[in-house]
Ligand SMILES: [Zn+2]
């Protein structure tokens with residue numbers, strides 16, 4: 001049974017770290033919206049050219065175009081055994097279209113990583129970013145050195161050896177605003193998925209290893225619930 005996973009979680013919840021880890025363990029691709037857009041533009045597909053034209057005008061790529069790109073991407077052979085979607089769906093319209101794309105495939109499992117706001121503010125306000133490559137310090141490189149470590153000023157980037165500095169957009173006010181926007185946009189999505197037996201919540205206010213363990217248990221339970229429901 002393929003593992004078709006959507007991960008929801010606010011900035012600072014550790015979603016990227018956990019998604020990378022799951023992708024490695026299950027040998028399935030982690031598919032982010034940004035990467036897909038860049039690839040479609042680079043490959044010069046018809047949908048890629050449409051996306052390029054929209055971005056050239058400084059506009060946001062519409063649901064239609066984004067859904068087309070995701071649909072193409074999920075049809076590739078490497079996604080046949082599963083995938084982890086990061087950054088999609090963002091709207092209920094996208095989630096509805098994704099259900100249609102998934103028709104005839106194994107069920108979607110949706111996991112929300114929940115972290116109380118004060119903890120998120122604390123994490124985001126102290127988050128370090130690499131001056132050279134722009135990666136945040138708490139995303140582990142492949143092979144996994146220092147997973148979840150927010151890093152300190154003066155530390156070196158585990159990817160490229162660049163200098164870690166505090167993210168400039170992570171002041172308290174900016175952080176709270178980002179979280180408010182996230183909540184506003186994500187609540188309808190969570191409501192859309194919440195009543196499914198394949199929807200799960202995980203406590204993200206723990207050490208990364210504990211989050212990973214809870215995540216693994218919830219994913220297994222969601223897959224079993226679905227298999228049981230079919231018999
Ligand atoms: Zn770096």
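Among (1) modelled with pLDDT under 90; (2) closer than 30 Å to residue 187 by Cβ, which single condition is residue 89 missing?
Unmet for residue 89, out of (1) modelled with pLDDT under 90; (2) closer than 30 Å to residue 187 by Cβ: (1).
Please specify each residue of the stretch 1-36 satisfying the condition of being surrounded by 20 or more Cβ atoms within 10 Å (Cβ to Cβ) and closer than 12 Å to residue 69 by Cβ.
31, 36
Taking the stretch 162-191 on its own, how many of its residues are modelled with pLDDT of 85 or more, more than 11 Å from residue 131 (Cα to Cα) and touching a strand residue (DSSP E or B) at 6+ places or on another chain (Cβ under 9 Å)?
Qualifying residue count, the stretch 162-191: 3.
Any residue that is surrounded by 15 or more Cβ atoms within 10 Å (Cβ to Cβ), at pLDDT below 85, within 14 Å of residue 18 (Cα to Cα) and within 16 Å of the ligand (Cβ to nearest atom) - is there at least one of those in the stretch 149-161?
yes
Identify the single condition in (1) under 18 Å from the mean Cα position of the chain (by Cα); (2) in a loop (DSSP other than H, G, I, E, B); (3) surrounded by 14 or more Cβ atoms within 10 Å (Cβ to Cβ) that residue 106 does not satisfy, given that it satisfies every other one.
(1)
Of all residues in the stretch 106-131, how many are in contact with a strand residue (DSSP E or B) (Cβ under 6 Å, 6 or more places away or on another chain), over 20 Å from residue 202 (Cβ atoms) and away from the ligand (no atom under 16 Å from the Cβ)?
1
May I ask you to verify whether residue 134 is within 16 Å of the ligand (Cβ to nearest atom) and over 13 Å from residue 6 (Cβ atoms)?
Taking the combined requirement at face value, the residue satisfies it.
The values are calculated or read from the model by the stated rules, or taken from the named source; none is laboratory data. Keep in mind the model is a prediction, meaning the values are calculated, not measured. Positions of Cβ are generated from backbone atoms using ideal geometry, with glycine treated the same way; all protein chains shown enter the neighbour counts.
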